[in-house]
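See below for the structure under consideration.
The values are calculated or read from the model by the stated rules, or taken from the named source; none is laboratory data. None of the values given here were measured: they were computed from a predicted structure. With ideal geometry, Cβ positions are generated from the backbone for all residues, glycine too; neighbour counts draw on all protein chains shown. Side chains included, ligands, DNA and RNA excluded: accessible areas come from the protein's heavy atoms. Shrake-Rupley method; radii C 1.70, N 1.55, O 1.52, S 1.80 Å.
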Amino acid sequence: MKVKTKASILRASFTAFFAALICIGCFISIPMPGGVPITVQNLFAILAALILGGVQGASSVGLFLILGIIGVPVFSGVKGGWAVFVGPTGGYLWGYFIGAVAAGLIVGTPHTFEKKFSIKMWIRIIIASLVGFALIYAPGIPWFIHYMSENGKPTTLQAAIAMTVTPFIPGDVIKFVLSIPLAAVLRPIAARYLYPNDEEELSEIMEDIKKRKELHDKIVNKLSGKKEDSPENPPESTTENAAENPAKDQGK
């Protein structure tokens, strides 16, 4: 009971930590030659999902969004409030949550038996990160077009992409590349704290599977033995004797 309670506290702590990290991201802005700075909030949102998994990663992003909606200045530009959440770029905030859920579900929950340099895990992380970053834009673009249209400034799809997507692509590519090794290295570390009994549980599962297989083999062997001894399949010696008897009877 104490182990479960401790694990629950640690999971809640990790969720809160990543939510705080996303919030702090609103203060971090890295200048770029093109004039559009790199912000790290979407990187932290996707990393939360890649490292913690779907439920916890999405919970971190959800906590960040709730803080922003109630007025805490944690959104980009150190802003907060409902007006920002439903403002012209509010759709991208919704995309943080959607992207985190998708990325976390694809990559799955971290486990202590994961290998940092497993090719399969790296492929899953790459796909999850790519999908996560892409889905941030999914609600953002249509909402921006809708908002501008509702406020008397009709905007085409091409114009929306040019204003809210194209300038940020170089920065997002850099963040996508960074997210992959960071997630691969940090997932097993997080798992040691969040799911410390993974290896024991895996051993128990493997042992249970082994016992079930042995039981299955015994049942199959018994059934095979009964089938061979059944009246429909008499032993060969009996069949041979039956074939010899008529010959003997004819001799008599």
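Remark: region 163-174, residue by residue, has Karplus-estimated 3J(HN,Hα) of 8, 10, 10, 3, x, 9, 4, x, x, 5, 5, 4 Hz, where x stands for each Gly or Pro and the curve is 6.51 cos²θ - 1.76 cosθ + 1.60 at θ = phi - 60°.
Our compactness index for region 30-95, the C-alpha radius of gyration over the empirical 2.2 N^0.38 Å, is 1.18.
Using a probe of 1.4 Å, the accessible surface attributed to GLU150 totals some 130 Å² when neighbouring protein chains are kept in position. In order along region 49-61, the phi-based Karplus estimate (6.51 cos²θ - 1.76 cosθ + 1.60, θ = phi - 60°) of 3J(HN,Hα) comes to 5, 5, 8, 8, x, x, 5, 5, x, 5, 5, 4, 5 Hz; Gly and Pro are listed as x.
Once the Cα-Cα distance is subtracted from the 0.36 nm per residue extended length, the LYS153 to VAL72 segment shows a gain of 26.2 nm. Residues within the reach of a label modelled at VAL185 (point 7 angstrom out along Cα to beta-carbon, backbone nitrogen below 16 Å), restricted to region 83-110: there are none.
The string of couplings for region 142-149 from the Karplus curve (6.51, -1.76, 1.60, θ = phi - 60°) is x, 5, 4, 4, 4, 4, 5, 5 Hz, one whole number per residue in order, with x for Gly and Pro.
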